[in-house]
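> Just passing along the structure, written as structure tokens.
The values are calculated or read from the model by the stated rules, or taken from the named source; none is laboratory data. In this text, all values refer to a predicted model and were calculated from it rather than measured experimentally. No Cβ is skipped: glycine too gets one built from the backbone with ideal geometry, and neighbour counts run over all protein chains shown. Only protein heavy atoms, including side chains, enter the accessible area calculation; ligands, DNA and RNA are left aside. Shrake-Rupley method; radii C 1.70, N 1.55, O 1.52, S 1.80 Å.
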Amino acid sequence: MLAALSRLLLLIGLLAGLPASAAPQRVQQLWGWADDAGRASLADVLALAPQQWRALPAGRLVEQPQQAAYWSDLATQTCWLRLKLPRAGAASGPRWLELRPGVVSAATLHWRDAQGHWHGTDVRPGATAGPLQLPTRNLLLVLPAEAADDTLLLRLRSPTPFNLSLTVWSEHDYLADFTREALLFGLIYGVMLVMIVYNLVLDVAVRDPVYRVYSLNMLVSLVYQALIQGHAQLIWPLPEVELTPLTNALVALNCTTALMFANRFIDLRRWVPGAARGFSALIGVAALGSVGCLLAPAGPSFAVSMLLGGTTPMVILGTALWAWRAGSRTAGVFLIAWTLYLLGVIVWAARWLGLMEPSGWTDWPIAIGSALEAALLSLALAWRIRLLRRERKALQEAGEQYQRLMLQDELTGVLNRRGFGRQLESLLEQRRGVALVALDVDHFKQFNDAWGHPAGDAVLRKLGTLLKATIRTGDVAARIGGEEFVLLLAHARESEALIVAERLRRAFEATVFEPRAGTRVNCTLSMGIAVSRAGDTPAGLLERADALLYAAKRNGRNRVMSQHQSGEGTGPAPVPADA
């Protein structure tokens with residue numbers, strides 16, 4: 001997938017960077033007049049005094065396929081532009097005037113013929129126009145060859161403040177730019193659609209809501225991009241009274257889903273709990289804002305969307321950086337993808353604030369950033385699955401290790417009293433009989449007093465080793481007291497338990513300990529064997545085995561005692577010849 005992403009980046013770069021071949025032409029002069037009431041006629045505009053026209057600053061010439069770019073900061077819904085273009089050459093062919101971006105809801109171009117009569121051409125978004133009668137995402141007007149002079153009047157209407165460029169095209173250059181944009185935006189939308197489907201498939205496979213949330217976020221971003229770039233109007237034309245609140249609501253909804261995704265993807269509750277609580281509140285605010293943008297008038301709706309759209313990306317970026325510094329690996333990946341998207345947002349915002357010249361390339365960063373973010377975060381989500389599986393496995397192994405430590409005697413490596421109790425209950429519940437061997441190191445207190453506790457620990461460790469080597473699969477060895485141990489022999493008769501116990505006793509007796517250099521000492525065991533009966537409880541079985549253990553000690557130690565006669569709890573047990 002990394003190789004595919006690299007090829008995607010290369011392809012986007014090639015499409016966005018295709019060189020221009022057109023020679024630039026400048027709009028020589030540009031003036032604007034705000035029609036606050038929106039009812040001025042052509043005659044009213046022609047009657048305006050020169051000082052009523054406001055000279056508009058000519059933006060820097062953008063060396064792109066478009067030939068000249070100017071922008072207007074008129075913040076009214078209706079305005080008139082008076083522009084003067086250089087004369088076209090005799091063999092130049094048709095020329096076109098494009099208004100970028102496609103936020104103008106209607107435009108009328110007025111010109112005067114040789115007889116002094118004024119003519120007008122109305123254009124609306126999505127209309128079929130331009131070379132080859134192609135549908136256009138921006139408004140495109142043909143510059144009339146029959147105009148008597150190069151001074152034109154342009155009436156514009158927009159639901160948002162104007163911030164646009166006027167671009168003059170030759171037919172050849174327009175077709176070249178149209179092809180490049182179609183390929184670029186087709187690639188961007190295709191990537192986002194593929195990533196939406198990809199994450200929905202992952203959601204079905206792993207049942208993790210984070211994939212569903214991200215798919216929703218990408219879908220909202222895709223619809224928003226299609227609206228602001230003018231492509232949605234080609235499919236489903238909307239009147240401006242519906243388009244503006246919908247666009248503003250999508251900004252707020254995009255912020256809502258982005259906050260939800262960042263919260264889940266970075267796992268803020270784990271890494272920065274304080275930020276997680278703030279995110280929850282901000283998600284609620286953004287969700288209410290999306291509803292408010294649909295219902296509020298255009299001005300407040302636009303202000304709310306810009307407030308949320310301007311602050312949310314920075315909040316997410318700062319929180320992701322905080323989580324990354326706290327140790328979140330997923331936050332680091334999120335930062336890379338989100339930074340690409342944020343750069344596009346900054347370029348887009350700079351254009352709308354008038355800090356950057358509106359032009360072809362300023363249309364692309366937010367769309368390209370959205371596509372790259374979608375691809376990178378989808379890759380990160382797939383990596384997140386592996387990361388979570390590794391973490392889950394590590395936690396499971398740690399839990400199992402913790403359980404073992406809880407049930408295991410640290411010194412000898414056999415079970416402790418807790419582990420022994422669980423195993424004894426389990427074996428008794430199976431009702432197939434169990435032999436319990438209780439054993440104790442003889443005179444162990446005196447041994448500790450004489451040679452010290454480290455030497456005593458060595459004796460216990462050796463006994464633990466012998467116990468583990470003695471038992472079969474399914475049997476249990478445990479240390480239930482200082483020097484007291486037990487063996488649980490599953491499904492064993494008394495005769496079988498005697499063989500095991502006697503073998504262990506002899507092996508331990510034969511073991512030589514050296515508590516000090518040159519000193520050789522032997523230790524012995526006393527044992528008692530009790531075999532389970534119907535209705536036995538763990539405490540009752542252990543009590544009988546302990547009674548036989550103490551009987552072995554009373555009878556001289558270093559021996560095995562068993563319940564070899566019904567109803568009797570003590571007495572030396574006969575040892576089989578093969579023990």
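> Computed FRET efficiency, Cβ-Cβ of residue 554 and residue 533, R0 30 Å: what is it to the nearest 0.05? Mind dumping the intermediate values first?
Details: r = 24 Å, r/R0 = 0.80.
After rounding, the FRET efficiency stands at 0.80.
> Identify the trypsin sites (Lys or Arg not before Pro) of segment 448-530 meeting these criteria: DSSP loop state and at most 15 other C-beta atoms within 10 Å of the C-beta.
472, 493, 516, 520
> Could you order 260, 314 so the one with the most accessible surface comes first? Probe is 1.4 Å.
Highest to lowest solvent-accessible surface, that is 314, 260.
> Now for a separate question. Rank 453, 110 by accessible area, highest first, at a 1.4 Å probe radius?
The most accessible residue leads, giving 453, 110.
> Moving on to the next point. Just to check I understand the Karplus step: with θ = phi - 60° and J = 6.51 cos²θ - 1.76 cosθ + 1.60, what whole-Hz values come out for segment 165-175, glycine and proline as x?
10, 9, 10, 9, 10, 8, 4, 4, 5, 5, 4
> Looking at the P(r) of segment 444-525, how many percent of alpha-carbon pairs lie beyond 21 Å? It would help to have the intermediate numbers written out before the result.
Working: 1070 of 3321 pairs.
Tail fraction, whole percent: 32.
> Provide the per residue accessible area, probe 1.4 Å, for segment 428-556, rounded to a whole number of square angstrom.
47 Å²
> Can you give me the solvent accessible area of residue 409 with a 1.4 Å probe, rounded to the nearest 10 Å²?
Per-residue accessible area (residue 409): approximately 20 Å².
> With every protein chain in place, what's the accessible area of residue 206 (1.4 Å probe, Å², nearest 10)?
Spelled out: residue 206, probe radius 1.4 Å, area about 50 Å².
> Can you tally the net charge around residue 210? Count Lys and Arg as +1, Asp and Glu as -1, for every other residue whose Cβ sits under 12 Å from the Cβ of residue 210.
Net local charge, residue 210 excluded: +1.
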